[in-house]
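The structure appears right after this line, and notes come after that.
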Amino acid sequence: MIILTPAGIDVDEKNLERLVERVFFKSIDLLGGLKRLTEYRTLTWLPSLARAAFAIVLHEEYIKSEDEIAQFTGLTRNTVRNILRADPDLALYKIEHLDELSEGEKRELRVHTAGGIAKLANKLVKDGQDSQTLLDFCHTVAEEAIKAASCEGPWAYLVLKHTKGIRYPITEPSELKSRLSDLRLKGIPGEKVAERIFYPIKTPAQLLHEIKEFLQSRTTQ
C-alpha cells in the first residue's frame, strides 16, 4: 500500500499528481506495457514504480529534499536516496534484458531499477514523449468532444480521425502528410498543411493548434 502524507510539504498536489501519473504511465510503457508485465507476473512492480515516480518528480521538479520526500511518500530516507541515485542506463539495460532476469528479480522490482526507470520516464515526459497509451486516450477524448460540440469546424474532427494512433512527438511532416493526403482543410490540401506547420508536435491538442494557426494565417493573407 502506498502511503502519502503531504502534511508540511509545500506543493500543488493536483499538479504534482498529474505529473506523477504521466511519469508512471511512461514507466509502464518503458517496461513493455501492462500486457508484458502480466506475462512476467510482475504487477507487484506497480507500487514500486508509483513510489519511485513520486520521489523523482518531487526531487527533480519540486526540488524537495530526501527527508521531505520520505515524509511525503512514507518511504525511508535510505530508500529515497537509493531511488534518487539510480542509474537510468542500467535500468534501461535491465528492461531490454527482462528475459534474462532471475525469477526473484522478475517478481520484485528492486529500488535502484524502479528509480532508474522513473528517472528516465520523467526525462522523456519533459521532452514531450508521453505514454502512447495516454496520448491515444487523450486523442479519443478530444475527438469525441469536438464531434459533440462541433467546435473548430469539421476539419478538426477529420484531422483527429485520420491521425488516430500516430506516435508523438511528431518531428517531421512525412507521416502526417500521408495521414492527411485525402483531406482538404478549408480548401487546402492536407499534405500542404502538414508541410507548412511547425514541428515538433507533442500532443493532439498542439497538432490542432498548429493547423488552426496556419489556416487562420491563410485567410488573413
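None of the figures in this text is laboratory data; all of them are computed from the coordinates on show. Bear in mind the structure is a predicted one, so any value in this text is a computation, not a measurement. Cβ atoms come from the backbone with ideal geometry, glycine included; neighbour counts cover every protein chain shown.
Data overview
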quantity	calculated
Estimated FRET transfer efficiency (K186, R85; beta-carbon r; R0 45 Å; 0.05)	0.25
Packing-based exposure ordering (other Cβ within 10 Å, fewest first) of Y168, Y62	Y62, Y168
Fewest-first ranking of E175, E191, using other Cβ atoms within 10 Å as the exposure measure	E175, E191
Diffusion coefficient, µm² s⁻¹, Stokes-Einstein with Kirkwood Rh over alpha-carbon pairs of segment 13-126 at 25 °C and 0.890 mPa s	177 µm²/s
